[in-house]
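Heads up: the structure comes next, in structure tokens.
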Amino acid sequence: MEEHKKLDLEIDRNLINKILEDLDSRYILLYLYIIRKNLFKDLEDEKLIDGYNHVLSLDTIYKGNIHTFLPENFAEIASNLGIFRNIRHYRDFENKDQDFIIKLGNEPIVVQEDVVLVPANTLFNIITRKFNSITKRDFNLALSRLKGVRCEATGTIHPFLYEVGKQNYMLSKDLYEIFDKFGNVYRTIQVELTIENFYKRFDEIYTRVLNLLDIYNIIVDRKDIIKKINQLIKSDGLKLNYLDIKTKEKEEKKILDFKEINLMIKIDSDRSVNLNLPKDEYEGLLTQKIQYDEVENELIEMRKSFSNLKSRSGYLEVLENIEKKESYIDERLRSMRELIIGVKERLDIFEERIKKINK
């Protein structure tokens, strides 16, 4: 093998995928790429760079200055990335008056000649704005590791990024060129965030469904009720004399072949509890759970293909998929959005029907 110093996709693909499996390392590298590629247009627009440096030189930066000296989509990308510290998103930026003061923070991104230098604290704030599970300690450890990654093929040290001065970082040119072959990294991050937001919203809905099922499972699951009732009895110092499940139909064993279940729990000679469960309500909720399981499986599959779970063939394939299947992905995201809205609406209706049940 010829001397191998420069990162090479053919030789180092497995190494790059291993690095990208680590979330801290992945987002450090991807965001360094996005800042240079999408925010600063690969440093090919001199007017943009001059405008940005002029804005940095101002004592006070107003929204009007951003409009005057920088391209329109700069504000959109900067807002979405969190470059503007006092702006939550682009819609928030649009709604501000022209004399609204924009804050870039104490450590702004610096553009010098042909490099973009991103202060560590600024980069950390940008990443954790969207991926808040990343800790400062793990972030700093990842920065240290990425300055010198050992090649699996030759043992050569590959810097995935460089530290310039103190705590200012730039992506290595080799890795930048490799990412550039994989399409729209910025779009990949947006898709991933969308899927994760879907998953979070769905998880909240799913938890509500399980909580409702817990109410009914107390009635239809004899082992479960014995355990729960015994716990209640123990806490009250009472003794459970007997527990009996009666149905209005004869087939006692087929617990779901009923019109209504009546559960009588006799606590002592003077006290007992009766719970009634219409069959259609329980089966309706059970059917919803099955439908939600299907939605969850779809979300898990989407995360494997386009999100932060380990891809079958590595994260570089995720980047490739976003580029090659953009229209397909848009359709799946649209379908998933409608699906989640639908299951939430059905759940809201169901909860309204049974809100009088006291768990």
When the range 123-145 is checked residue by residue, the ones that are within 24 Å of the chain's Cα centre (by Cα) and without any contact (Cβ under 8 Å) to a residue 24 or more places away in the chain are PHE124, THR128, ASN132, THR135, LYS136, ARG137, ASN140
For the subset of the range 300-314 comprising residues that are basic (Lys, Arg) and not in a loop (DSSP other than H, G, I, E, B), which member is modelled with the lowest pLDDT? LYS304
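Hey, does the range 136-150 have a residue that's out of contact with any Lys or Arg (no Cβ under 7 Å at 6 or more places or on another chain) and at pLDDT below 90? Let's see the steps before the verdict.
Pass one, the range 136-150, residues out of contact with any Lys or Arg (no Cβ under 7 Å at 6 or more places or on another chain): 136-150.
Subsequent filtering for residues that are at pLDDT below 90 retains none.
There is no residue in the range 136-150 that is out of contact with any Lys or Arg (no Cβ under 7 Å at 6 or more places or on another chain) and at pLDDT below 90.
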From the list GLY183, GLY165, GLY155, GLY148, which residue is surrounded by fewer than 17 Cβ atoms within 10 Å (Cβ to Cβ), free of Cβ contacts under 8 Å to residues at least 12 places away in the same chain, at positive phi and among the small types (Gly, Ala, Ser)? GLY155
With the requirement that a residue be acidic (Asp, Glu) and not in a helix (DSSP H, G or I), what does the range 47-87 give you? ASP59
Can you run down the residue pairs with Cβ atoms below 7 Å, 6 or more apart or on separate chains, where the first is in the range 64-91 and assigned by TED's automatic domain parsing to the domain that holds PHE124 and closer than 16 Å to PHE40 by Cα and the partner is assigned to a loop (DSSP other than H, G, I, E, B) and of a type in the set (Phe, Trp, Tyr)? ALA78/PHE84
Taking only the range 128-145 into account, find how many residues are buried (at least 16 other Cβ atoms within 10 Å of the Cβ) and of a type outside the set (Lys, Arg). 6
Being exposed (fewer than 13 other Cβ atoms within 10 Å of the Cβ) and under 20 Å from the mean Cα position of the chain (by Cα) is the filter here, so list the residues in the range 55-95 that pass it. ARG88, HIS89
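The values are calculated or read from the model by the stated rules, or taken from the named source; none is laboratory data. This one's a predicted model, so the numbers in the text were calculated from it and none came from an experiment. Glycine gets a Cβ as well: all are built from the backbone with ideal geometry, and neighbour counts include every protein chain shown.
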